[in-house]
Amino acid sequence: MSEAVQLEIPAGPEFVALARLVVSAMASAETQLSDDRVDDLKIAVSEACTNAIEAHDASATDERVLVSCWADHERLEVCIEDRGSGFDVSNLPEHPPLTDPERLKFERGLGIPLIRALVDEVEFSSTGEGTAVRLVMRHDADLDGDGEF
Amino acid sequence: MDLGLDVTERDGYAVLAVRGEVDVYTAPRFRERLIELVSEGKHRIVVDLEGVDFLDSTGLGVLVGGLKRLRSHEGDLLLVCTQSRILKVFEITGLTKVFSIYDSVDAAVSS
């Protein structure tokens, strides 16, 4: 990886926009991802940072959330690390289908499906000492994608 | 980070025009404004998302909560959105099947 940026943010909701700004600036400056793909990445970063901040809040820790970003000619990789109590990504609560009126009882649970849909690779590593979410955007996926390049 | 929440009346609807970025920081203000409108007896609401620059799942959660609240009052919540980057989050999450989404406030209030 040729370029790297690291950002430590206090675990407060007002800092999620800063993480989005830094990652999108890195993506725009150091990669050839299209604007649409940078927008996708911003949403994924926002979702992961929101989960991290909520995990810190639930664990009552005042440690910071670490956002790391690397880019080279093939890919952009972002890692969001928290010190919350972790979660089992393979055992997330099931929600009713969207066509079921009962679905409206659930206002949450859309973040991880959004992350999975918007980035080329995602990996969740979670233990009792925290969670790391690794997001990858590949440049060739952009070239093969919507043809904007 | 500024979040604009301007309310106007239009053909029996309260039109809530949202401007700026909707995320975990700003979503509580958006939720409170919707709840206020419902408490004021506004049970037919159009949320105009044309001025929204960014919206993630916390914003979707506010809209789902608003729709649920309004339907419990036999009302409705309609959306106005033509921006592909915002529509995309509704499409990915399947919420295009839950919300009625229009191209303009005119189209929404005359539906």
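Any read-out appearing in this document is the output of simple, stated calculations on the displayed coordinates, not a laboratory observation. If you're wondering where the values come from, they're calculated on a predicted model, not measured in any experiment. Quick reminder, even Gly has a Cβ in these numbers, built from the backbone with ideal geometry, and neighbours come from all protein chains shown.
With respect to being in contact with a helix residue (DSSP H, G or I) (Cβ under 6 Å, 6 or more places away or on another chain) and away from every other protein chain (no Cβ under 14 Å), B:Leu78 fits the description. Considering each residue of region B:23-31 in turn, at least one proves to be in a loop (DSSP other than H, G, I, E, B), among the aliphatic types (A, V, I, L, M) and either facing another protein chain (nearest Cβ under 9 Å) or surrounded by 15 or more Cβ atoms within 10 Å (Cβ to Cβ) (or both). Restricting attention to region B:46-84, the residues being in a strand (DSSP E or B) and either in contact with a His (Cβ under 9 Å, 6 or more places away or on another chain) or among the small types (Gly, Ala, Ser) (or both) number 2.
Yes or no: region A:6-18 includes at least one residue that is within 13 Å of chain B (Cβ to nearest Cβ), crowded, with 22+ Cβ neighbours inside 10 Å and in a helix (DSSP H, G or I). Yes: region A:6-18 contains one or more residues that are within 13 Å of chain B (Cβ to nearest Cβ), crowded, with 22+ Cβ neighbours inside 10 Å and in a helix (DSSP H, G or I).
Only one of A:Ser46, A:Ser24, A:Ser34 is crowded, with 16+ Cβ neighbours inside 10 Å, of a type outside the set (A, V, I, L, M, F, W, C) and within 24 Å of A:Phe87 (Cβ to Cβ). Can you tell me which? Going through A:Ser46, A:Ser24, A:Ser34 in turn, the sole match is A:Ser46. Please list, ordered by first then second residue, the pairs with beta carbon atoms under 9 Å, 6 or more apart or interchain, first in region A:23-47 and at the interface with chain B (Cβ under 8 Å from one of its Cβ atoms) and polar (S, T, N, Q), second crowded, with 18+ Cβ neighbours inside 10 Å and part of a helix (DSSP H, G or I). Listed pairs, sorted by first residue: A:Ser46/A:Val16; A:Ser46/A:Ala17; A:Ser46/A:Ala19; A:Ser46/A:Arg20; A:Ser46/A:Gly111; A:Ser46/B:Ser57; A:Ser46/B:Thr58.
Residues that are under 26 Å from A:Leu118 (Cβ atoms), among the aromatic types (Phe, Trp, Tyr) and surrounded by fewer than 20 Cβ atoms within 10 Å (Cβ to Cβ) do not occur anywhere in region B:51-66.
B:Arg71 satisfies every condition listed in (1) over 24 Å from A:Thr50 (Cβ atoms); (2) free of Cβ contacts under 8 Å to residues at least 12 places away in the same chain; (3) away from every other protein chain (no Cβ under 14 Å) except (3).
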